[in-house]
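Report on the structure given below.
Values quoted throughout were computed directly from the atomic coordinates according to the rules given, and no laboratory measurement underlies them. A quick note: this is a predicted structure, and the numbers were derived from the prediction, not measured. Glycine also receives a Cβ, built like all others from the backbone with ideal geometry; neighbour counts cover every protein chain displayed.
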């Protein structure tokens, strides 16, 4: 059971930084808008001047600046305010990363998102919403948001099909209400948010539906709804790589190893992007950045530059399949240095990181970096590093070893899984076939090796 005093609280916006182990943290949404290269360079300078220079991109595509102080946070806010980067205050409204840039038939979700932000900013009920309430507005591009959970979901249909409306969860688990006309999308989303606010400051859409059914929401937009099937499954959204844009130019998706970089490396990337003719940056879920406005002949060289700076440019890079939170001492709640352990784990587990499974290294049982289940989860506790097989950081570990033995424990598991793999079998399937007890025994033995 998690100590209530250590639960995640309100989102740390520009005007309300959050205290962490390395100082104050500020989150900027960055969703669906291009950050100009000059603005990006100015953000890096502000992160160095007023914080500790660590810049993160989260699993939901937000930017986080770390290491601010009570004295420096207002100066940081003043430095960032003119840059045109969304401040992260208010209800998070997420749009697909290439909104307005993706080729047809994708719809530009920014218009709906902007109008909804204005509606909610003027609404008295917005103050009644819980800190984790969010809205996803997906314009239907290849870089979609199907894997992100949200309380309210809008997904653009093709042509004049309007927007599909869902509640609570990701695209696969959300409850479908139907669809609304393009002209009614903003009103529908706002009325659904208002309905959620009426259920109290801790209410989330999935909980209301579980307790009262979708009928708790449908009356609010019944006059706007038409019956429609749920959204069809789509191939997984993949930020890393080359993305065609509607103006004939390209976007280059790169990843931040373990979700973070330092301001100097990002500033160097921005400088080289400028030399390559890029027009700006977008953030993307799964801890990625997209450099936009590139000519076809400049993208490969920029990708090579990004890799030399420590960024991820290959989809098969094993670092992509290890998720690590900030960990100790950066996070006051963490019991192990999760971020420092991330590179060691990705190296030790490289033989089985084939893209079919993920390893989550969590500094404590909150599991902030990856709340869901993973094939393997390492969770920090007072006794060291616990192993959870096919579960989350909130589950009871089946074995615990000292942090110093963790790389050996993961390497031993990887070796046994590699030996046990059948022809054509994915690592995730082998892990599932071996099961909890054998893997826990292998892990535990590393503590005595």
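Only one of the values (1) 22.0, 67; (2) 22.3, 74; (3) 27.2, 84 was calculated from this structure for Rg and Dmax of the Cα atoms in Å; name its label.
Correct label is (1).
Ranking 271, 194 by Cβ neighbours within 10 Å, fewest first, what do you get?
Listed from fewest to most nearby Cβ atoms, that is 271, 194.
Calculate, for residue 121 and residue 420, the FRET efficiency according to 1/(1 + (r/R0)^6) with r their C-beta to C-beta distance and R0 56 Å; round to the nearest 0.05.
That pair, residue 121 with residue 420, gives E of 0.50.
Quick one: order 214, 124 by neighbouring beta-carbon count within 10 Å, fewest to most.
Ordered by Cβ neighbours within 10 Å, fewest first: 124, 214.
With no solvent and one point per C-alpha, what does the Debye sum give as log10 I(q)/I(0) for segment 98-221 at q = 0.18, 0.19 Å⁻¹?
For the requested q values the scattering log ratios are -0.92, -1.02.
Of all DSSP beta bridges in segment 319-448, what percent run antiparallel (nearest 5)?
60
Please give the contour-minus-distance gain from residue 354 to residue 211: 0.36 nm per residue of separation, less the Cα-Cα distance, rounded to one decimal in nm.
Result for the pair: 47.5 nm of gain on full extension.
Given a Förster radius of 56 Å and the C-beta distance between residue 433 and residue 227 as r, what FRET efficiency does 1/(1 + (r/R0)^6) yield to the nearest 0.05?
The pair residue 433/residue 227 has a calculated efficiency of 0.85.
What is the calculated FRET efficiency for residue 183 to residue 441, with r their C-beta to C-beta distance and R₀ = 60 Å, to the nearest 0.05?
0.50
Please determine, in degrees from 0 to 90 and to the nearest 10, the orientation of helix 110-121 with respect to the longest principal axis defined by the Cα atoms of the chain, where the helix direction is its Cα long axis.
Tilt relative to the chain: about 80 degrees.
Calculate, in nm to one decimal, what residue 247 and residue 161 gain on full extension: separation in residues at 0.36 nm each, minus their alpha carbon distance.
28.5 nm
Listed highest first by mean packing, meaning other Cβ atoms within 10 Å per residue, what order do 72-81, 167-176 come in?
167-176, 72-81
Please list 106-119, 292-305 highest first by mean number of surrounding beta-carbon atoms within 10 Å per residue.
Descending mean neighbour count gives 106-119, 292-305.
Going by Cα centres, segment 412-449 and segment 126-145 are how many Å apart?
Cα centroid of segment 412-449 versus Cα centroid of segment 126-145: 38 Å apart.
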